[in-house]
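We did not get these values from a lab; they are worked out from the coordinates using the rules stated. All values reported here derive from a predicted model rather than from experimental measurement. Ideal geometry is used to build each Cβ from the backbone, glycine not excepted, and the neighbour counts take in all protein chains shown.
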Amino acid sequence: MESGDEGMRDTSMRATRISRCEGRNIPWANGLGTSREIFLAESESQQGAPTFLWRLATTRIERDCPFSAYPGQDRTIVMTRGNGFELIHDSGKTQTVTAPFGAILFGGDWGTRCRLLDGPVEVLNLMASRRHVTCSLTPVALSAERLVQEVYAGTKALYVLDGDVSARLEGDAEVTLEQGDTLRLALDAPSYLALRARESPADLLLLHADFLARTPSI
């Protein structure tokens, strides 16, 4: 966190900057590690209890380990730092990532073990309730030239994988984002997001979430 910037957020009604230093540490369900939760999306059911929709978090995986079981959730893991890993599922299927920002999609109820290929890795972890929502991550590569990206109500966040970025949602002030920062969006209508890499090329992910029928909105 930069000096003099502790606890600061650039905020509007529709866009909130979440610094890479913000978020809460949460233990893995199996107790073998910790993740930093960027945000958790929930809604209230008719019974008043929170309904899990999706969660975005970062995790450092230090050693080979089993993954926690998350029945009913679809998972996407993106490697943000490190030299690669593979996921070995109980079904016998194996998925491998070695390229920077490579992604793996799998079910939280598959029964999965992670094997590191060459030291620890850091990952971005998206979990989504299969019953309520379909989530996806769209990569965006930026240069110094301005890019205007159309966004809609289902576009929930922008995550900076690498580089420094200027972002401006139509009608809002410009926000500066650094590697590991998130811009959380709350849109009720389509809009435009102007993006530009500040010094060197930058890589981003856009998080989209589309609700299924009879899913409570947030």
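Here are a few things to note about the model shown:
- Remark: the SER143-ASP172 segment gains 8.3 nm on full extension, using 0.36 nm per residue and subtracting the alpha carbon distance.
- Counted residue by residue at 0.36 nm each, then reduced by the alpha carbon distance between them, the extension gain from THR96 to THR34 reaches 20.1 nm.
- Here the simple spin-label model places points 7 Å from the Cα toward Cβ, and for ASP109 and SER200 these points are separated by 4.4 nm.
- Net lengthening on full extension, SER68/TYR152 (0.36 nm per residue, minus Cα-Cα): 27.0 nm
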